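**Q** Below is a structure I'd like to ask you about.
Please treat every number below as a calculation from the coordinates, not as lab data. From a predicted model like this one, the values you see are computed outputs, not experimental measurements. Positions of Cβ are generated from backbone atoms using ideal geometry, with glycine treated the same way; all protein chains shown enter the neighbour counts.
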Amino acid sequence: MSSWLVTEKRSWPEWLALQVLKVGPIPKHLALIMDGNRRYAKLHEQETFHGHIAGFKTLTYVLAWCRDLGITEVTSYALSIENFKRSKEEVEGLLSLASNKFEEVLNEGENLAKHGVCIRIIGNLDLLPTYLRAQTAEVVLMTRNNTKCFLNLALAYTSRDEITAAVRECAIAISEGRLQETDITPRLLEQCLYTAQSCHPDLVIRTSGETRLSDFLLWQSQFSCLFFTKVLWPELSIWHVLGAVFHYQRHHHTVVAARKQAKLLYDRYELEADQACSPDDPECGCDGTKARKIRVERFIADLVERREKTYHALSTQLKEIKKQQQESCEQEQKSEASGRVRVIGECGERVVSVSVADPSLLKRVQQRMLLEAN
Amino acid sequence: MLTSLSDVKAHKTVQRLLAYFRMDLLLPVFQLLYFVAHFLVSVLQAVYGTYMDVLQITHFLYQKLTHTVHAQEQYNEGKGKLPEHPAVVFLPGHYLAAQLPQLVSLMTAFVKAGAKQITLYDPAGKIEEQQDELLLCLTRSLPGSLFLLLQHPLEQINEEPQKEQAHARSLVKGATAQTPVVYVSIVNCDSGVRHLLNCVRKLARQPHSSLTNLSPHDLDSVLAVRQVSNIECHDEMSNYCSEETSRLVSNPSCNERYLKNPRRCAQSAVSCSFVEQKSLSCMHLVRQQDPDMMIVIGDYMSSGGFPPWGLRLTEFAQTSSLGRIDSAELQNLFRSYAGIEKRFGR
């Protein structure tokens with residue numbers, strides 16, 4: 001069973017390159033668009049599912065390289081809302097792969113705590129199946145106290161959906177009177193995004209030669225350094241990542257200067273919002289700025305609390321589902337003992353004895369066998 | 001990854017060296033190597049400047065040989081799609097006022113390739129200061145086209161943009177139903193943010209039930225609306241004469257800016273009908289399409305603060321300066337764009 005945390009020794013050229021690069025500025029936050037899994041599978045005359053498995057392996061290696069480089073935050077575009085348009089088979093395969101990998105995360109909680117890895121899920125979780133949604137919530141809650149490095153997985157995510165959700169929250173708050181129209185600033189909108197707890201990515205890498213963002217972190221990557229490389233995602237090597245970091249270092253000062261200009265612009269919006277709060281307003285009292293700050297803090301706290309409640313509710317749901325699964329497993333074992341369920345499946349070259357009551361689950365079981373074999 | 005015994009031995013040797021020399025003594029060596037690497041790449045870029053830029057453009061342009069040939073065939077047969085809405089983004093410090101003629105020639109090339117809308121993004125706002133001159137030069141280079149400037153939207157949405165376009169054409173002397181209309185949008189880093197904030201405030205006035213079901217498509221239909229105002233159109237350029245100048249200056253309907261700058265009036269070959277039309281403001285709304293292609297003028301690839309909502313599927317290209325994009329490079333860009341396969345998530 002593959003782990004999320006891979007440790008490998010570096011060859012001396014890799015080690016030397018790492019040490020040289022670490023002299024310069026290292027991006028704190030790296031965003032990855034993992035494109036090219038299906039083309040990789042096609043090149044190697046394999047099924048699409050194998051391409052995605054190879055893609056996951058590469059992700060684990062990239063996380064290890066980032067830890068060696070000192071990159072503390074990585075955001076990865078795992079599943080777009082647009083990907084749901086793919087064939088039902090492929091979508092189910094992707095979701096089952098995700099479910100399997102989250103199950104591994106839940107089993108290696110201690111290892112993740114030891115390395116200080118915090119996993120966050122960004123995206124519209126309502127679009128995911130119930131079990132996967134519950135698993136993501138459990139993973140987030142389990143790793144929330146780890147603070148050394150952060151992995152943000154974009155599942156059922158598009159940037160437009162994210163911005164729309166933030167706009168919706170703000171607009172509803174205004175209509176309900178919890179916020180005023182003048183309270184809306186770019187910083188407030190950013191605090192309503194799924195990535196509110198993260199800083200903006202410094203470097204965005206997209207593989208497979210495509211040169212577009214495909215609705216990924218559009219707001220957050222406005223001033224990021226974009227790096228497009230032709231290599232397919234499963235074929236990505238440490239040298240490609242080092243090359244991207246080197247490219248970032250060459251333009252680091254320009255990126256920082258552009259970010260400073262943006263900060264000045266955002267500060268201006270905050271000032272305008274403060275000035276728009278009239279001291280004669282009975283709600284404001286004598287200090288309009290303070291009143292606005294209180295309103296905004298209450299709104300954000302309310303939003304965070306709602307999201308927390310959702311996570312806890314999903315976590316409870318996961319425990320119930322697991323309990324039900326365990327009970328049904330015990331029942332099946334009893335049934336097998338009584339000889340009522342027989343072998344019905346094969347997986348590759350192995351003959352597998354599987355107690356599966358419902359034949360429609362056979363394919364899912366086969367995929368699981370394949371994952372465990374890898 | 002260590003794959004052989006010699007690698008393992010080499011690794012052990014390195015570890016022993018580290019322990020012997022101490023890491024802090026090796027740090028200056030790494031620093032030196034770091035600066036040497038950056039210096040070498042800078043020298044390469046200075047000596048082979050075009051080479052480095054062409055590499056970057058070629059990286060965007062280069063596909064597998066069969067794909068490139070296919071794109072060429074599609075382009076030649078006119079089947080490949082050309083960008084209808086290209087955007088040109090200038091990263092800070094990469095646009096000078098003196099580069100206006102180069103910008104005009106680039107935009108002319110886009111229009112000739114079939115672009116219906118062009119967006120220019122300049123965080124410093126220099127293009128916005130030159131917008132009149134830009135439109136004037138565009139009309140001089142393409143007298144058969146009608147250029148309309150897009151600005152921030154109004155509250156009311158116009159349901160019949162084509163009717164308004166026809167109305168705009170009717171106001172312009174010499175324009176016919178076949179006169180192509182090209183929208184020009186000049187954006188700065190404030191535009192996208194302020195527009196989004198205004199949309200949030202506008203949405204907050206809607207009923208609560210419609211807000212809870214707000215989808216990206218709904219937000220897109222609010223954000224994408226733009227106002228067209230101040231029709232900038234020029235008739236065929238005629239030779240300027242002193243009588244014409246005095247007539248313009250004395251005409252009360254002349255734009256105040258031109259009155260204050262008679263030298264500009266004298267130098268620009270503008271007929272009186274243009275000045276009369278310039279004072280008209282045709283307020284109608286059109287739906288702005290997302291940019292198909294974005295050419296970033298700067299040292300690295302970045303959207304540079306361009307309003308993010310429209311960049312969902314925009315293809316990026318990058319070059320270090322405006323002057324480096326000649327007609328051959330542009331043809332390569334279009335050829336490559338024609339061959340791009342957009343999967344839309346599938």
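**Q** What is the gain in length, in nm to one decimal, between A:Q197 and A:I300 on full extension, counting 0.36 nm per residue of separation less the C-alpha to C-alpha distance?
**A** Numbers: separation 103, 0.36 × 103 = 37.08 nm, distance 1.19 nm.
Taking A:Q197 through A:I300 to full extension adds about 35.9 nm, to one decimal.
**Q** Want the number for A:T310 to A:E47: 0.36 nm per residue separation, take away the alpha-carbon distance, what's left? Don't skip to the end; give the middle numbers.
**A** Numbers: separation 263, 0.36 × 263 = 94.68 nm, distance 3.64 nm.
So the extension gain works out to 91.0 nm.
**Q** Quantify how much of the Cα-Cα distance distribution of the stretch A:236-279 extends past 13 Å, in percent.
**A** Values: 638 of 946 pairs.
Summing the P(r) tail past 13 Å for the stretch A:236-279 gives 67 percent.
**Q** Going by amide H atoms built from the backbone, whose H comes under 5 Å of the H on B:M293, apart from near neighbours?
**A** B:H85, B:A87, B:E315
**Q** Follow-up question, since we're still on this one. Packing-wise, with mean Cβ within 10 Å as the measure, how do A:247-255, A:165-173 rank, highest first? Walk me through the numbers on the way to the answer.
**A** Working: A:247-255: 18.4, A:165-173: 22.8.
Final packing ranking: A:165-173, A:247-255.
**Q** Follow-up. Find how many whole Å separate the alpha carbon centroid of the stretch A:195-226 from the alpha carbon centroid of the stretch B:290-346.
**A** Cα centres, the stretch B:290-346 to the stretch A:195-226: 15 Å.
**Q** What does the C-alpha gyration tensor say about the overall shape of the stretch A:118-206? Classify as rounded when a/c is under 1.5, otherwise prolate if a/b is larger than b/c, or oblate.
**A** Numbers: a/c = 1.89, a/b = 1.51, b/c = 1.25.
Prolate, because a/c is 1.5 or more and a/b exceeds b/c.
**Q** Can you bin every Cα-Cα distance in the stretch A:69-145 into 10 Å intervals starting at zero and give me the percent of pairs per bin, rounded to whole numbers?
**A** Bins of 10 Å from zero give 16, 48, 28, 8 percent of pairs.
**Q** Across peptide A:84-95, how many C-beta atoms of other chains are within 10 Å of each residue C-beta, on average? Write down the numbers at each step before the final one.
**A** On the way: counts 2, 4, 3, 1, 0, 0, 1, 0, 0, 0, 0, 0.
So the per-residue partner count for this stretch is 1.
**Q** Report the calculated FRET efficiency for B:E84 and A:K334 (r = Cβ-Cβ distance, R0 = 41 Å), to the nearest 0.05.
**A** The computed FRET efficiency comes out at 0.05.
**Q** Of A:K22/A:K42; A:K9/A:K230; A:K88/B:K202; A:K42/A:K101; A:K22/A:K260; A:K28/A:K290, which ones are farther than 31 Å apart at the Cα?
**A** A:K22/A:K42; A:K88/B:K202; A:K28/A:K290
**Q** What ranking, highest mean first, results for peptides B:124-137, A:93-106, A:294-307, A:26-39 when packing means the other Cβ atoms within 10 Å averaged over each residue? Intermediate results must be reported in sequence, preceding the final value.
**A** Working: B:124-137: 17.4, A:93-106: 18.9, A:294-307: 14.4, A:26-39: 22.7.
In descending order of packing, they fall as A:26-39, A:93-106, B:124-137, A:294-307.
**Q** Taking the Cα atoms only, what angle lies between the long axis of helix A:238-250 and the longest principal axis of chain A, rounded to 10 degrees?
**A** Approximately 10 degrees, to the nearest 10.
**Q** Rank-order B:302-312, A:236-246 by packing density, defined as the average count of other C-beta atoms within 10 Å over each peptide's residues, highest first.
**A** B:302-312, A:236-246
**Q** Amide H to amide H under 5 Å from B:I186: which residues, 5+ apart in sequence or cross-chain, H placed 1.01 Å off N in plane?
**A** Answer set, sorted by chain and number: B:L120, B:L150.
**Q** Just counting partner chain Cβ atoms within 10 Å, what average do the residues of peptide A:15-21 show around their Cβ?
**A** Values: counts 5, 5, 2, 1, 8, 9, 4.
Counting other chains' Cβ atoms within 10 Å and averaging over A:15-21 gives 5.
**Q** Okay, moving on. For chain A, find the longest principal axis of its Cα atoms and tell me its angle to the long axis of helix A:362-373, 0 to 90°, nearest 10.
**A** Orientation of helix A:362-373: about 80 degrees from the principal axis.
**Q** Angle check, please: helix A:288-337 long axis (alpha carbons) against the longest principal axis of chain A (alpha carbons), in degrees 0 to 90, nearest 10.
**A** It is inclined by approximately 10 degrees.
**Q** Could you tell me whether chain A comes out rounded, prolate or oblate from its Cα gyration tensor? Rule is a ≥ b ≥ c as square roots of the eigenvalues, rounded for a/c under 1.5, then prolate if a/b exceeds b/c, otherwise oblate. Please list the in-between numbers first.
**A** Values: a/c = 2.32, a/b = 1.39, b/c = 1.67.
Oblate shape, in that a/c is at least 1.5 and b/c is the bigger or equal ratio.
**Q** What is the mean number of Cβ atoms from other protein chains located within 10 Å of the Cβ atom of each residue in peptide B:90-102, rounded to a whole number? Let's see the in-between values first.
**A** Values: counts 0, 5, 4, 2, 0, 0, 0, 0, 0, 0, 0, 0, 0.
For peptide B:90-102, the averaged partner shielding equals 1.
**Q** Show the residues, 5+ positions off or on another chain, whose built amide H is closer than 5 Å to the amide H of A:G209.
**A** Placed amide hydrogens put A:T229, A:K230, A:V231 under 5 Å from A:G209.
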